[in-house]
Amino acid sequence: MGKKHVILLILLSFIIAAADICVAATIRVTEGNGNIQTAVDRSLPGDLILINKGRYVENIAIDKAIHLRAASYDAKVVVAAKDTTLPVIKVEGTIGASIDGINTEGSTEEAGILLLHSSKITVSRSSASKNRIGIAVVDSESNTISENRTEFNETYGIYLERSSGNTVVGNIAGQNSDKGIFLSYADNNDIRENSTNHNTWNGILLWDSNDNNITDNEAYRNMYGLIESESSGNIYEDNSTLPNLYIILPIIMIYTGVIFYLLQRLIVRRALILLGKEK
Amino acid sequence: MDILIKIPMILASIGLVLATSSFISGLQLIKVKRSSVDGIIHRINGYCSVVLLSSVAISSFIINGIHLWAFLGWVSALGLISLKISIVRRRSRRAFKYVSWIGASMILIWLYVLITNIPL
């Protein structure tokens with residue numbers, strides 16, 4: 001390849017990059033001034049949709065690589081399900097989209113955020129509460145679920161089904177009516193630094209899921225902390241579990257106090273007899 | 001688990017054990033007029049409880065910072081202990097009638113401290 005060809009190639013790559021930058025646009029959505037789905041429909045891959053503070057009642061379907069983001073992190077953006085039988089936000093058949101700082105609620109038969117047949121999707125700093133499932137990842141690969149709150153859901157906080165190579169890191173998946181994090185037929189995922197506390201049943205459950213990395217997670221005050229069934233090759237490191245002690249522990253301590261008194265009485269009496277102060 | 005979260009729970013558990021033992025020995029002291037054994041147990045457990053309560057309060061301030069209601073709560077608890085000690089030292093017969101109630105409320109204080117310090 002000659003010098004001219006190399007220069008041409010570099011120029012061409014610059015032109016392609018510049019064209020890409022030109023295409024990416026920012027669309028703003030404000031409460032009462034259109035809905036998010038309309039903005040999604042109008043957008044092109046690579047576009048950024050900035051959502052201002054407010055409550056939006058709708059179901060959003062994403063099928064292209066766009067970025068859905070709250071206008072600022074202190075601005076509370078709530079998306080409530082209009083149709084409670086559908087997910088609040090569904091990302092289907094997409095590569096490289098992202099959801100950042102969006103709070104979803106009210107999908108009583110589906111998930112707050114559902115990733116279906118998708119890859120390289122990032123869901124971060126969002127919340128998914130009071131849904132059937134908080135965040136569901138189904139038949140999807142290489143997604144990142146980070147720093148989200150999935151609480152008070154009817155079943156699971158975060159649910160991975162037939163999905164692999166995903167990273168679930170720094171999430172709070174607590175106080176759900178069933179499980180904090182549930183992996184079903186999901187292999188090679190990285191489940192790290194999550195808090196799965198105070199769920200009705202399990203903190204983290206692996207069902208027929210292999211070769212996952214479960215590290216640095218907390219599972220306090222669940223019925224069962226970490227459960228693995230019909231799975232193999234999973235690595236567990238530095239996880240913390242504590243059973244639901246808050247009722248039992250004080251009672252145990254009071255009983256211990258009674259026994260401790262009897263022991264003290266015995267020891268002090270013996271000591272006084274030895275010192276000759278009591279007969 | 002963060003050790004800072006664990007320590008107050010352990011201290012509060014020990015505190016509840018001591019408060020229970022102290023309460024029983026206190027009741028024995030009221031029932032039996034001269035019982036040096038129960039007197040020693042009551043005094044040792046009482047002093048240890050004060051030290052433990054102060055330690056839990058300090059560790060709470062270190063972990064959570066100083067908030068008005070929490071501060072008032074700790075001051076009230078320590079105030080209640082001081083009241084009990086002062087009543088016992090006065091040896092007033094009328095006041096002695098109510099000392100067992102203060103002793104029982106010490107168990108309730110430790111119960112509250114323990115329940116709030118079990119990490120979520």
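The values are calculated or read from the model by the stated rules, or taken from the named source; none is laboratory data. Source: prediction; values computed, not measured. No Cβ is skipped: glycine too gets one built from the backbone with ideal geometry, and neighbour counts run over all protein chains shown.
Brief remarks on what is shown
- Residue ID - surrounded by the fewest Cβ atoms within 10 Å (Cβ to Cβ), chosen from residues in the stretch B:8-33 that are at the interface with chain A (Cβ under 8 Å from one of its Cβ atoms) and β-branched (V, I, T): B:I24
- Unique match (being away from chain B (no Cβ under 14 Å), at pLDDT below 95 and under 28 Å from A:E151 (Cα atoms)) among A:W207, A:W201: A:W201
- Test: B:V99 is under 22 Å from A:I267 (Cβ atoms) and more than 14 Å from chain A (Cβ to nearest Cβ): no
- Any chance B:G46 is within 12 Å of chain A (Cβ to nearest Cβ), at pLDDT below 90 and either buried (at least 17 other Cβ atoms within 10 Å of the Cβ) or over 21 Å from B:K97 (Cα atoms) (or both): no
- The sole residue among A:I49, A:I121, A:I102 that is surrounded by fewer than 24 Cβ atoms within 10 Å (Cβ to Cβ) and of a type in the set (V, I, T) is A:I49.
- Taken as a whole, the condition of being in contact with a Ser or Thr (Cβ under 7 Å, 6 or more places away or on another chain) and more than 14 Å from chain A (Cβ to nearest Cβ) does not apply to B:L114.
- Test: residue in the stretch B:33-46 that is in contact (Cβ under 8 Å) with a residue 12 or more places away in the chain, polar (S, T, N, Q) and in a helix (DSSP H, G or I): yes
- Scanning the stretch A:144-194 for residues that are surrounded by 24 or more Cβ atoms within 10 Å (Cβ to Cβ) and not in a strand (DSSP E or B) yields A:N148, A:T150, A:N153, A:S163, A:N166, A:N171, A:A173, A:G174, A:N176, A:A186, A:N189, A:N194.
- For the stretch A:39-48, the criterion of being touching a residue at least 24 places away in the same chain (Cβ under 8 Å) and of a type in the set (S, T, Y) is met by no residue.
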